[in-house]
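Enquirer: Structure in C-alpha cells, see below.
The values are calculated or read from the model by the stated rules, or taken from the named source; none is laboratory data. This is a predicted model, so every value here is computed, not measured. Neighbour counts run over all protein chains shown; Cβ positions are idealised from the backbone, glycine included.
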Amino acid sequence: MTVRKIVHIDMDAFYASVEQRDDPELRGKPVVVAWHGNRSVVCAASYEARGFGVRSAMPASRAERLCPNAVFLPPDFSRYRAVSRLVRDIFKRHTDLVEPLSLDEAYLDVTENKTGLPTATRVARTIRDQIREELHLTASAGVAPNKFLAKIASDWRKPDGLFVIQPEEVDSFLLPLSVGRLPGVGKVTKEKLRNLDVQKVGDLRKLDVPALEGHFGRYGVRLYELARGIDKSEVVPDRPTQSVSAEDTFERDVPLTETEPMIRRLAEKTWTASRKEVRIARTVVLKLKTSEFKILTRSHTPSAPPSSCQELTSIALSLRERIDLSPTQRFRLVGVGLSNFQDPEDESVQPPLFE
C-alpha cells in the first residue's frame, strides 16, 4: 500500500503580512486588520500584534485595549484574493491535487509531483522558497502521511517554519499531544474526555470503539481513528463551499426583540469568514432555536449578492420579521449564514470581485 505524502501550507498572518509587504512603513509594527466599529472583529493580526495577545476573531475593541499602539487597517479582500491566486499558481506547478481551505491555507497531495522532486519535504521547501522569492511573503508547511497530521505539523514551527512527520514517527509525535489538538475536539468534548481521565492522545488510545461510541456517538469512531493517526480523507481539488455561518447560544433565553446585538455580531463573523472564499454567496440565512429546541430558519436571496457587512446585517435583521410567533416566545440560540455560493465569473454575481 502506497503511503500518501500530504503537505499543508499555511500563509503566515496572511492579510497583515500583505499589508506590511505593500507598505514598508508598516514593517515591524503591530498591524491589526479589522473594520472600524464597536462590533467589529479582528480579521488578522501581525506577529508583532500577537505578541500583545491580539488574535483573529476577537473583538476589535479588545484588540485595541491590548495593543493601543497597533495600526488598524480595514481589510482589502480583493487584494488578498489576488495574492491568494498567485500562491495557488505556485502550488499548481507541483501538483494538481490542491484543496484550498481558505485564501491562506491549502492541502496538497504530493505522493506524485510534477517537478520530479524526490521527497515531499523537498516539495514543501521549494514551495516556501518560491512564495518568499516571488511574492515576498512567508508560509509555514507541515508534511505528513495524512491531512490531519499535516495540518498539526504546519502549526508546529510557525511562523516561517517547516515540520515533517515521517510515517514511522507518527506514534512518538501523536501520543504526547493534548487531545485538544485533534480536529473536532472543542471545549465541550475536551471536558467530557477529561472526565474520562483522558487528557493526552495516549490516554485516548486506551479506550475502545464501543466505549467511545457510548460517550460520543458516531464521532467516537473518528476519535478512535485519530488517536491512532488514521485519516483516510483524500485531498479534493476545488471542493466547493456550500455555506458559511456563525451561531451562538444566549446566556439566558430571550425574546425576538432582544436578538439584534447577537445577530449583528454573528453577521460580522460570517461576513469575515465569507471573504476568505473565492466564490461569492447569494443567499442570507437566519437561524433561531426556541427555548423548546425547535429550529426555525428563514432565508432571502437578493437580486445581487450582499456587498458589505452592513448589507448582510440588514438582511439578517429583516428576516426576523418573518418569524410569526407569539411575542412571549423565547429563543436560546441564533445563527447567521451565507449560502448558495457561485463563481465570480457567473454573470448573475455582481459586483465583480476583481477590477
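Enquirer: Could you tell me whether GLU191 is more than 16 Å from TYR107 (Cα to Cα), under 23 Å from the mean Cα position of the chain (by Cα) and not polar (S, T, N, Q)?
Expert: Numbers: more than 16 Å from TYR107 (Cα to Cα): yes; under 23 Å from the mean Cα position of the chain (by Cα): yes; not polar (S, T, N, Q): yes.
Answer is yes for this residue.
Enquirer: Additional query: May I ask you to say which residue of LEU226, LEU204 is within 23 Å of the chain's Cα centre (by Cα) and surrounded by 13 or more Cβ atoms within 10 Å (Cβ to Cβ)? Before the answer, list the steps.
Expert: Values: LEU204 fails: within 23 Å of the chain's Cα centre (by Cα).
Going through LEU226, LEU204 in turn, just one is within 23 Å of the chain's Cα centre (by Cα) and surrounded by 13 or more Cβ atoms within 10 Å (Cβ to Cβ): LEU226.
Enquirer: Quick check: is even one residue across region 138-151 within 29 Å of THR249 (Cβ to Cβ), of a type in the set (A, V, I, L, M, F, W, C) and in the same structural domain as ASP104 (by TED's automatic domain parsing)? Even if it seems obvious, please write down each step before you answer.
Expert: Going through region 138-151, the residues within 29 Å of THR249 (Cβ to Cβ) turn out to be 148, 151.
Filter once more, keeping what is of a type in the set (A, V, I, L, M, F, W, C): 148.
Pick out the ones that are also in the same structural domain as ASP104 (by TED's automatic domain parsing) and you get 148.
Checking region 138-151: at least one residue is within 29 Å of THR249 (Cβ to Cβ), of a type in the set (A, V, I, L, M, F, W, C) and in the same structural domain as ASP104 (by TED's automatic domain parsing).
Enquirer: Oh, and also: If you check THR257 against the conditions, is it surrounded by fewer than 14 Cβ atoms within 10 Å (Cβ to Cβ) and either small (Gly, Ala, Ser) or in contact with a Leu (Cβ under 8 Å, 6 or more places away or on another chain) (or both)?
Expert: Numbers: surrounded by fewer than 14 Cβ atoms within 10 Å (Cβ to Cβ): yes; either small (Gly, Ala, Ser) or in contact with a Leu (Cβ under 8 Å, 6 or more places away or on another chain) (or both): no.
For THR257, the condition - surrounded by fewer than 14 Cβ atoms within 10 Å (Cβ to Cβ) and either small (Gly, Ala, Ser) or in contact with a Leu (Cβ under 8 Å, 6 or more places away or on another chain) (or both) - is not met.
Enquirer: Which of (1) of a type outside the set (A, V, I, L, M); (2) without any contact (Cβ under 8 Å) to a residue 24 or more places away in the chain; (3) not in a helix (DSSP H, G or I) does GLU311 not meet, given it meets every other one?
Expert: (3)
Enquirer: A further question on this structure: Yes or no: region 272-285 includes at least one residue that is in contact with a His (Cβ under 8 Å, 6 or more places away or on another chain) and surrounded by 19 or more Cβ atoms within 10 Å (Cβ to Cβ). Full working, then the answer.
Expert: First, pick out the residues of region 272-285 that are in contact with a His (Cβ under 8 Å, 6 or more places away or on another chain): 283-284.
Applying the additional criterion that residues be surrounded by 19 or more Cβ atoms within 10 Å (Cβ to Cβ) yields 284.
Checked region 272-285: at least one residue is in contact with a His (Cβ under 8 Å, 6 or more places away or on another chain) and surrounded by 19 or more Cβ atoms within 10 Å (Cβ to Cβ).
Enquirer: Enumerate the strands (runs of 3 or more DSSP E) found wholly within region 97-154, keeping only those where 1 or more residues are without any contact (Cβ under 8 Å) to a residue 24 or more places away in the chain and under 23 Å from the mean Cα position of the chain (by Cα).
Expert: 98-102
Enquirer: Now a separate question. Please determine whether any residue of region 16-27 is in contact with a Pro (Cβ under 6 Å, 6 or more places away or on another chain) and not in a helix (DSSP H, G or I). Walk me through how you get there before you give the answer.
Expert: We begin by selecting, within region 16-27, every residue in contact with a Pro (Cβ under 6 Å, 6 or more places away or on another chain); these are none.
No, region 16-27 contains no residue that is in contact with a Pro (Cβ under 6 Å, 6 or more places away or on another chain) and not in a helix (DSSP H, G or I).
To keep it simple, each residue is scored yes or no on (1) assigned to a loop (DSSP other than H, G, I, E, B); (2) β-branched (Val, Ile, Thr); (3) under 20 Å from the mean Cα position of the chain (by Cα); (4) farther than 30 Å from LEU97 by Cβ.
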site	(1), (2), (3), (4)
SER245	no, no, yes, no
THR249	no, yes, no, yes
GLU277	yes, no, yes, no
SER326	yes, no, no, yes
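Enquirer: If we scan region 48-56, do we find a residue that is of a type in the set (D, E, K, R), closer than 21 Å to THR138 by Cα and in a helix (DSSP H, G or I)? Please lay out each step first, then the result.
Expert: In the first step, residues of region 48-56 are kept if they are of a type in the set (D, E, K, R); the result is 48, 50, 55.
Cutting the leftovers down to closer than 21 Å to THR138 by Cα gives us 48, 50, 55.
Applying the additional criterion that residues be in a helix (DSSP H, G or I) yields 48, 50.
Among the residues of region 48-56, at least one is of a type in the set (D, E, K, R), closer than 21 Å to THR138 by Cα and in a helix (DSSP H, G or I), which makes the answer yes.
Enquirer: Here's a follow-up. Looking at (1) without any contact (Cβ under 8 Å) to a residue 24 or more places away in the chain; (2) touching a Cys at 6+ places or on another chain (Cβ under 6 Å); (3) among the hydrophobic types (A, V, I, L, M, F, W, C), can you tell me which one TRP271 breaks?
Expert: (1)
Enquirer: So which residues in region 151-165 are farther than 13 Å from ASP12 by Cβ and in contact with a Lys or Arg (Cβ under 9 Å, 6 or more places away or on another chain)?
Expert: ILE152, PHE163
Enquirer: All but one of (1) in contact with a Ser or Thr (Cβ under 6 Å, 6 or more places away or on another chain); (2) closer than 20 Å to ASP12 by Cα hold for ALA139, so report the exception by its number.
Expert: Every listed condition holds for ALA139 apart from (1).
Enquirer: Identify all residues within region 138-159 that are farther than 23 Å from VAL3 by Cα, surrounded by fewer than 21 Cβ atoms within 10 Å (Cβ to Cβ) and either among the β-branched types (Val, Ile, Thr) or at pLDDT 95 or above (or both); write none if there are none.
Expert: Narrowing region 138-159 to residues farther than 23 Å from VAL3 by Cα: 138-139, 157-159.
Narrowing the set further to residues that are surrounded by fewer than 21 Cβ atoms within 10 Å (Cβ to Cβ) leaves 138, 157-159.
Passing the criteria: only THR138.
Enquirer: I'd like the residue in region 11-30 that is in contact (Cβ under 8 Å) with a residue 60 or more places away in the chain and of a type in the set (D, E, K, R) and, out of all such residues, is surrounded by the fewest Cβ atoms within 10 Å (Cβ to Cβ).
Expert: Taking region 11-30 and keeping what is in contact (Cβ under 8 Å) with a residue 60 or more places away in the chain, we get 11-15, 17-18, 21.
Filter once more, so that each one left must be of a type in the set (D, E, K, R): 12, 21.
Working: ASP12: 18, ARG21: 15.
So, considering only residues that are in contact (Cβ under 8 Å) with a residue 60 or more places away in the chain and of a type in the set (D, E, K, R), the one surrounded by the fewest Cβ atoms within 10 Å (Cβ to Cβ) is ARG21.
Enquirer: Also, quick follow-up: Tell me which residues, restricted to region 31-80, are surrounded by fewer than 21 Cβ atoms within 10 Å (Cβ to Cβ), within 14 Å of SER17 (Cα to Cα), hydrophobic (A, V, I, L, M, F, W, C) and under 20 Å from the mean Cα position of the chain (by Cα).
Expert: Selection gives PHE77 alone.
Enquirer: Find the residue count for region 125-151, including only residues that are under 23 Å from ALA16 (Cβ atoms) and touching a strand residue (DSSP E or B) at 6+ places or on another chain (Cβ under 9 Å). Walk me through how you get there before you give the answer.
Expert: Quick first cut of region 125-151, residues under 23 Å from ALA16 (Cβ atoms) only: 127-142, 151.
Next, only the ones that are touching a strand residue (DSSP E or B) at 6+ places or on another chain (Cβ under 9 Å) stay: 127-128, 131-132, 137-142, 151.
Number of matching residues: 11.
Enquirer: State all residues of region 235-254 that are more than 26 Å from ALA281 (Cβ to Cβ) and surrounded by 13 or more Cβ atoms within 10 Å (Cβ to Cβ); if no residue qualifies, say none.
Expert: So in region 235-254, the residues more than 26 Å from ALA281 (Cβ to Cβ) come out as 251-254.
ASP253, VAL254, listed by residue number.
Enquirer: Any residue in region 289-297 that is among the acidic types (Asp, Glu), modelled with pLDDT of 90 or more and not in a strand (DSSP E or B)?
Expert: no
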